[in-house]
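Take a look at the structure set out below.
Read-outs: derived from the displayed coordinates by stated rules, not from any lab. Keep in mind that what you see is a predicted model, and the values were worked out from it rather than measured. So basically every Cβ, Gly included, is an ideal-geometry build from the backbone, and we count neighbours across all protein chains shown.
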Amino acid sequence: MKAWFEARGRGPVEIQAGKTGQFDITVAGKLVYSRFETGLIPGEADLEKLLK
């Protein structure tokens with residue numbers, strides 16, 4: 001996912017993994033996705049929505 005965002009000119013990107021499979025995606029210091037909150041792994045369509 002990090003490469004996906006960076007290939008679209010977004011960054012810096014950090015993915016922080018938790019202990020129970022959850023993770024957060026942070027782009028340029030802003031939280032853009034939390035698996036803990038959604039309970040889902042985002043697909044490409046979901047990632048596209050995050051860029052808007």
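Return the residues of the range 7-21 that are loosely packed, with under 11 Cβ neighbours inside 10 Å and of a type in the set (S, T, N, Q); say none if nothing qualifies.
Result: Thr20, single match.
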Fill in the blank from the handout: The number of residues in the range 22-33 that are among the hydrophobic types (A, V, I, L, M, F, W, C) and part of a loop (DSSP other than H, G, I, E, B) is 1
Practice task
Of the numbered conditions (1) free of Cβ contacts under 8 Å to residues at least 12 places away in the same chain; (2) part of a helix (DSSP H, G or I), Phe36 fails exactly one; give the number of that condition.
Solution key: (1)
Practice task
Among the residues of the range 1-21, count how many are of a type in the set (A, V, I, L, M, F, W, C) and part of a helix (DSSP H, G or I).
Solution key: 4
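Would you point out the residue of the range 22-52, among those that are basic (Lys, Arg) and more than 16 Å from Lys2 (Cβ to Cβ), that is surrounded by the most Cβ atoms within 10 Å (Cβ to Cβ)? Outline the logic, then answer.
Restricting attention to the range 22-52, the residues satisfying the condition of being basic (Lys, Arg) are 30, 35, 49, 52.
Checking which are more than 16 Å from Lys2 (Cβ to Cβ) leaves us with 49, 52.
Values: Lys49: 10, Lys52: 4.
Going through the qualifying residues, I end up with Lys49.
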